Amino acid sequence: MLLISLTNFVSFLSQAIIGVGYIQSGNLFPEPLSPEDEKYYLEKLRDGDEEARNVLIERNLRLVAHVAKKYSSTNVDSDDLISIGTIGLIKGINSYDLSRNFKLATYVARCIENAMTTCWKVMLL
């Protein structure tokens, strides 16, 4: 019985150390796309490629966390802000128009802020 508990504890501990190392290394979010890659995926998205949409969402999650920091002084839980911000990110990527020559990050940051502001206002009511 003690051997099983010790084995489980060692397994848990090794997974926890790996998790902490992953977070401390700063690689919590994937690196943003280069401007060339971003344009490539945006063109693929315009053609209806679902995988390109997923890549754009995944590679811009860091922006959600950055915008969420601005709302950290509110009474909204940070996990809720990240969730709401991710919805704003998805809406922004879905509605982005490549022909308007805006930077994706600028447009999507506004969508993320709008989603978080709306959530914050609803929570105040």
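The values are calculated or read from the model by the stated rules, or taken from the named source; none is laboratory data. Treat the numbers as computed from the prediction; the structure is a model and nothing was measured. Note that each Cβ is placed from the backbone with ideal geometry, even for glycine, and that neighbours are counted across all protein chains shown.
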Within segment 38-48, does at least one residue satisfy the condition of being under 14 Å from the mean Cα position of the chain (by Cα) and without any contact (Cβ under 8 Å) to a residue 24 or more places away in the chain?
no
Selection within segment 106-124 - over 20 Å from PRO32 (Cβ atoms) and among the aromatic types (Phe, Trp, Tyr):
TRP120
Near pairs, Cβ below 8 angstrom, 6+ apart or cross-chain, from segment 103-125 (under 16 Å from TYR71 (Cβ atoms) and buried (at least 16 other Cβ atoms within 10 Å of the Cβ)) to any residue that is modelled with pLDDT under 80 and not aliphatic (A, V, I, L, M):
TRP120/THR74
So which residues in segment 61-105 are more than 22 Å from PRO35 (Cβ to Cβ) and among the acidic types (Asp, Glu), if there are any at all?
ASP77, ASP79, ASP80
